[in-house]
Amino acid sequence: MSLFIDSDAPAQFEAALFNLNDPAPGALRRKGWSNNLECERLDARTGSRRYPGEIRAPASRGGDVESYTVVCEERLLRPGLRDPVDDALLSELEPMTTALAETSASRYPELGASTWLVEVFVANPQVATKVSFATKNALMESGLQVSDRTPTLGVGDLEVITRMQPEDAYPTACVRWFATGSLGPNDALLAVISLDPRETILHGGLCVAGRWAWLQ
Amino acid sequence: MTSSGHYARLRLAARYSRPHSASVLARPALDPGTAGALERAPAGANAGAAPLHLFGLLLATGGWFGINEAHAADPLRDVQLAEVDALRGKVADQVHLAAFDLIDELVYGWTNEPLFESPTPVVLAGVTVPVGLGTGLEAQLEDHLVSVLTQNPTTNVQLVHCPACTAVVVHSGPEATLISRGIDDPAVLAELGAATGKNALFIDIEAEGTWLVLRARVTRLTPDLPIVWSHTIATSSSVPSLLREPDALKSAAEARQEYLDALRGRGRVFIPARLAIRSYKGPGDGGGVPPPPFLWLESGVELSPTDSRAWTSSLLVGYTFIPQAYQGLLGHVRIDRLVTGRTRSLTHPDLYAFFGGSVITVWGPATASFQDEILNADQLLAAAAGDGPRTSFGALQVGVDLRVGNRIGISSFLETIPDLANSQNLGDYVRVFGVGFQSLGTEVTFWF
């Protein structure tokens, strides 16, 4: 882990002149090294507050030219260490799950008193566990009551539902969850779904009292 | 695919059960040791209500969702696998301190706002690490968490061992026979007594881009498994680990303030004390006699315009005295520039380059060589008999200074003496652009 600070002079100026602190790949930078960076352009005030001692604070006077710093940070895990799709999902885990939880809470305020359950349908089981954990935390932070309980279905239901298309399978499963009592009238199930293994976004579905609705 | 085919996969996947079994079923052969509830189908499966996780099974059918397992079939060679393992170990080494930080922060939060009003038994149900890293890191983090919690009893979290929670148990009911971790089976939880702990703590740490994120939740071990507390904290890859003492936890804000204090605490004014030795180059064959080495004790003041101490300037006065040989006074100014970074380091040596000037006055029998002409015997005898000549001259110097923590440093410099550039008693150690440097010096400096 390291911090790579491009410049505390106007970034484009220095990069153009010397090309030494430019994080872009070039004669002195390998492409792989650059690919592992996430860069952000900061003004001097923000930069000096976030990286004291590394970035100079703006001058109190005489600063006619606003100076910027491009701060690049290395990703924690190198490319290739894990599956690219998993990496894409996990890299955006917090914003994705937070958005899903906020959408659920804002679109269905009447479910504020319900107990929320989370089920995740993602190919990699480790990733599914992570997504579930993050979603539950996000729901909790939205002020909802969340349970670790897992809804279940009978084998007979599964025999039928596994032969259906996704558009029908999830609503049917929702009906059966409610009918079998696995989901109670006060339960709301948030399903986080990867419909295609090549997708790097997750879809959300809500099952309440036997009724299914896609959130995104 | 028939149901028996599904169950074959399920058996592979379900060594331990976790609530999110669906994905386990999607790639059972790849990761048999991870999460996934196993439910064994009762006899007459069609009529039974065995609680299989629906969409895990759907995903297991693969083609229905268009799921392929191409990455499972990647024919990585042994060498590649070894390289990946080595890389995992390296990354884990880099990540674990940041993960320790997050755990410290979590426990510190509990010391300020305890989870429970009184000491409460809690089962450590699971610690998971970033996907791609190994279980060795899990063990490290678990040990650290236990260590920190043990040393901070005010959190009111009493970790307890719950074999029934973490072991794989078989539970037969009227609806089905379930094989799962006890903590995932509501029926088992319902039978748990108070002595085994009523809450379960789950910790998950994940690398999300440049962020390391810790999520924690506490679940009450009742059949409904309500989550009673959750928390998410994160640290960036560019943030150095705080390395807090387990028995003296402090918040990140406090640690940051300490860091800033360390940067700023010593102010911009230093009092250096310096021991310097100046040696003078002889003129070579046929020349005069060079002056002896001079030992100087110097002190004064060093100033820096910024806390980063990238630039410093100093004004020092010095004195030298060797009985029967010489005495001298020195005034010295110097400007230093940090060349290894933009700010002085708290952990690594700093290298400065400097430029300065001196005014030196010396007297005594051994100072007769500070003149242009070659000394003759009469001059040497006269100098030895009396106080000797008194000579004053100016000098310019360049050099480098290696400092550790801005507390101690060693430096080396070359000095040119314009007044004595043509002296037949002095030679040049080196000439640069026509400028001869007659003196070579080293110094040891302490800053107070």
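No lab work stands behind these numbers, since they all come straight from the coordinates. All values derive from a computational prediction rather than experimental measurement. For neighbour counting, all protein chains shown are included, and Cβ atoms are generated from backbone atoms with ideal geometry for every residue, glycine included.
The table below lists the values:
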{"item": "Degrees, to the nearest 10: A:166-179 long Cα axis against longest axis of chain A", "result": "60 degrees"}
{"item": "Shape box of region A:117-162 [Cα atoms, principal axes, largest first, Å]", "result": "37, 23, 12"}
{"item": "Antiparallel content of DSSP bridges confined to region A:84-214, in %, to 5", "result": "55 percent"}
{"item": "Fewest-first sequence of B:I322, B:I183 by Cβ atoms within 10 Å of each Cβ", "result": "B:I322, B:I183"}
{"item": "Three semi-axes of the equivalent ellipsoid, region B:269-447, Cα gyration tensor, whole Å, largest first", "result": "33, 17, 12"}
{"item": "Rounded to whole Hz, the Karplus (6.51, -1.76, 1.60) HN-Hα couplings of region B:111-128, x for glycine and proline", "result": "5, 7, 10, x, 5, 10, 6, 9, x, 10, x, 9, 8, 7, 7, x, 10, 10"}
{"item": "Alpha carbon convex hull of region A:84-214, projected area averaged over orientations, nm²", "result": "7.4 nm²"}
{"item": "Average partner coverage of B:225-231, which counts Cβ from other chains inside 10 Å", "result": "6"}
{"item": "Folded to 0 to 90 degrees: helix A:93-107 orientation relative to chain A principal axis, Cα", "result": "50 degrees"}
{"item": "Most mobile listed residue (A:S67, A:S132, A:S104) in chain A, GNM with C-alpha springs under 10 Å", "result": "A:S67"}
{"item": "Pairwise label distance in nanometres, B:Q151 with A:R30, each label 7 Å out on the Cα-Cβ vector", "result": "3.8 nm"}
